[in-house]
Amino acid sequence: MRYIADWHIHSKYSRACSRELVLPTIALWCARKGIQIVATGDWTHPEWFAHIKEHLEEVRQGIFRLKNTASLLRPGGTLRPDREVEFMLVQEVSQMYKKGDRARRVHHLIFSPSLETCERVINELNRLGFNLKADGRPILGIDSEELYMRLKELDEKIIVVPAHAWTPWYAMFGSKSGFDSIEECFGSMASYIYAIETGLSSDPAMNRQLSLLDQVVCLSNSDAHSPRNLGREANVFDFESPPTYDEFVRVLREKDTSRFQYTIEFYPQEGKYHFDGCAACGFSCDPEESKRLGNRCAHCKRPLTLGVEHRVRALADRDQPQSEGKIPFRSIVPLAEIIAEVKGVSSTTSKKVETEYVRLTNELADEFTILLDLPLEALRESAGDPLLAEAIARMRRGELSIRPGYDGIYGTVRILRDEESSRAKQPALL
């Protein structure tokens, strides 16, 4: 039985996140996306933790469901997934501290096996004087090694996963304040790092250029700040019976490729930190050009924000990625982006795109099934627009062009040819 998991999301209590991020709405969007397992996010925040306890009940060890699933629609509103959406207690924390005479800023995911363990962690963080009310992603002034040691003392089942490991500003390998190895970041606790999250601006192939990552698996999650962004990256598992928290951790620890089938990836060039660049000047370039420029903007001469591609190349010790024994991956373009291009509109949140997205996920299948699994012939017959079916077919073949993202600006994807794009923008004849 297939389980698609997205283990990195936020709530409405995280800074710069949608007010729509409440558990019933998250479950509804997961059903549309085809996600079976999703993080709660933000359980250290007191109001969000109260919301979790109000709305969720444990159905298996470390796995929770909504107490009331009426929010998943039908009758009238359609939808209703084959299986209920389930939650796990996973949240991101932001750590800022000094180590090795440098200021460090890193983000990590904490996986908790139970509500009781969450409460013990919350009590410990309060005892240490951290402000948990200010943000769903709290800022902790504590070393990564020390934090992990304290968490393991509270419950040995807790695991920590470095979040979006390559992001320049807040990540374990980030060019601005990160480390050069897992051991440098976590010290004596490095052996308990079973996985890293690759982030939107890198993919597993890039990470496999580093032998220092051979002992961990690559996870991919959405880091969703709004319901619409759920599942833009995810992890696909296959289990004979419904999995528990312990079983998921075992799969990561043992790198069990019989259970961990593949990851679903954003094209890394579309990520907003893939290339080097200067957003203020609208300037971007690849790492070789950055070196020629002394890592400074060609216009304002200020230091460039060095992107993920630059940082991966700096730490890589292989010319080609190693794939043997590694978790496979499949790359996608989110369905809303494809619909927007086909309809010739610039915004994925436009009414035209949203209406078509809801229609397709109501009448056809969930988003992941449409993007990855639905036979193309069935898609052509049911999509209503042959250009949409053709765009999805090209995406599956990797026939697209991307202008890489840089310095906080997302890359732009094009699947259609110029003449097709022009036709899509023409108004329909009455």
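What are the residues in the range 273-323 that are closer than 16 Å to SER211 by Cα, within 24 Å of the chain's Cα centre (by Cα) and assigned to a loop (DSSP other than H, G, I, E, B), if any? So that I can check it myself, show each step before the final result.
Looking only at the range 273-323, we keep the residues that are closer than 16 Å to SER211 by Cα, and these are 311-323.
When the remaining residues are screened for being within 24 Å of the chain's Cα centre (by Cα), the result is 311-316, 321-323.
Within the range 273-323, ALA316, PRO321, GLN322, SER323 meet the criteria.
For the range 340-358, which residues satisfy the criterion of being more than 24 Å from ALA5 (Cα to Cα) and of a type outside the set (S, T, N, Q)?
The answer is ALA340, GLU341, VAL342, LYS343, GLY344, VAL345, LYS351, LYS352, VAL353, GLU356.
Which members of the range 388-402 meet the condition of being touching a Lys or Arg at 6+ places or on another chain (Cβ under 8 Å) and either touching a residue at least 24 places away in the same chain (Cβ under 8 Å) or under 12 Å from VAL333 (Cβ atoms) (or both)?
Passing the criteria: LEU400, SER401, ILE402.
If a residue must be more than 17 Å from the chain's Cα centre (by Cα) and not aliphatic (A, V, I, L, M), how many such residues does the range 195-220 contain?
Of the residues in the range 195-220, the ones more than 17 Å from the chain's Cα centre (by Cα) are 208-216.
Filter again for not aliphatic (A, V, I, L, M), leaving 208-209, 211, 214-215.
Final tally of qualifying residues: 5.
Based on what the data block shows, is GLU399 among the charged types (D, E, K, R), assigned to a loop (DSSP other than H, G, I, E, B), at negative phi and surrounded by fewer than 14 Cβ atoms within 10 Å (Cβ to Cβ)?
So GLU399 passes the test.
If I ask for residues that are among the small types (Gly, Ala, Ser) and modelled with pLDDT under 95, which ones from the range 17-34 would you list? Give the derivation first.
Step one: list which residues in the range 17-34 are among the small types (Gly, Ala, Ser), which gives 18, 27, 31, 34.
Those that are among the small types (Gly, Ala, Ser) and modelled with pLDDT under 95: ALA27, ALA31.
Using beta carbons and a limit of 6 Å, which pairs, at least six apart or on different chains, have the first residue in the range 160-173 and farther than 14 Å from ALA195 by Cα and the second one polar (S, T, N, Q) and in a loop (DSSP other than H, G, I, E, B)?
PRO168/SER175
The conditions are (1) out of contact with any helix residue (DSSP H, G or I) (no Cβ under 8 Å at 6 or more places or on another chain); (2) closer than 25 Å to ILE370 by Cβ; (3) part of a loop (DSSP other than H, G, I, E, B); (4) not β-branched (Val, Ile, Thr), and GLU240 fails exactly one of them. Which is it?
(2)
Given ILE370, ILE327, which one is among the β-branched types (Val, Ile, Thr), assigned to a helix (DSSP H, G or I) and out of contact with any Gly (no Cβ under 6 Å at 6 or more places or on another chain)? It would help to see each step written out before you state the result.
Numbers: ILE327 fails: assigned to a helix (DSSP H, G or I).
Within the list ILE370, ILE327, the selection yields ILE370.
Tell me, yes or no, whether the range 354-374 has at least one residue that is farther than 19 Å from SER421 by Cα, at pLDDT 95 or above and among the basic types (Lys, Arg).
no
Taking the range 3-56 only, how many residues are closer than 23 Å to VAL358 by Cα, basic (Lys, Arg) and either in a helix (DSSP H, G or I) or outside the structural domain of ILE159 (by TED's automatic domain parsing) (or both)?
Selection size over the range 3-56: 2.
Can you work out which of the residues in the range 121-148 that are among the basic types (Lys, Arg) and surrounded by fewer than 17 Cβ atoms within 10 Å (Cβ to Cβ) is farthest from the chain's Cα centre (by Cα)? Can you show your working first?
Quick first cut of the range 121-148, residues among the basic types (Lys, Arg) only: 127, 133, 137.
From the residues that got through so far, the ones that are surrounded by fewer than 17 Cβ atoms within 10 Å (Cβ to Cβ) too are 127, 133.
Values: ARG127: 31, LYS133: 24 Å.
Filtering the range 121-148 for residues that are among the basic types (Lys, Arg) and surrounded by fewer than 17 Cβ atoms within 10 Å (Cβ to Cβ), the one farthest from the chain's Cα centre (by Cα) comes out as ARG127.
Residues are listed down the side, and each one gets a yes or a no for (1) of a type in the set (S, T, N, Q); (2) on the phi < 0 side of the Ramachandran plot; (3) assigned to a loop (DSSP other than H, G, I, E, B):
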residue: THR167; (1), (2), (3): yes, yes, yes
residue: MET172; (1), (2), (3): no, yes, yes
residue: GLU183; (1), (2), (3): no, yes, no
residue: SER188; (1), (2), (3): yes, yes, no
residue: SER191; (1), (2), (3): yes, yes, no
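So if I check each of SER323, SER350, which one is among the hydroxyl-bearing types (Ser, Thr, Tyr), farther than 19 Å from ASN229 by Cα and surrounded by fewer than 16 Cβ atoms within 10 Å (Cβ to Cβ)?
Working: SER350 fails: farther than 19 Å from ASN229 by Cα.
Among SER323, SER350, only SER323 is among the hydroxyl-bearing types (Ser, Thr, Tyr), farther than 19 Å from ASN229 by Cα and surrounded by fewer than 16 Cβ atoms within 10 Å (Cβ to Cβ).
The values are calculated or read from the model by the stated rules, or taken from the named source; none is laboratory data. Computed from a prediction, not measured in an experiment: that's the story for all the values here. Quick reminder, even Gly has a Cβ in these numbers, built from the backbone with ideal geometry, and neighbours come from all protein chains shown.
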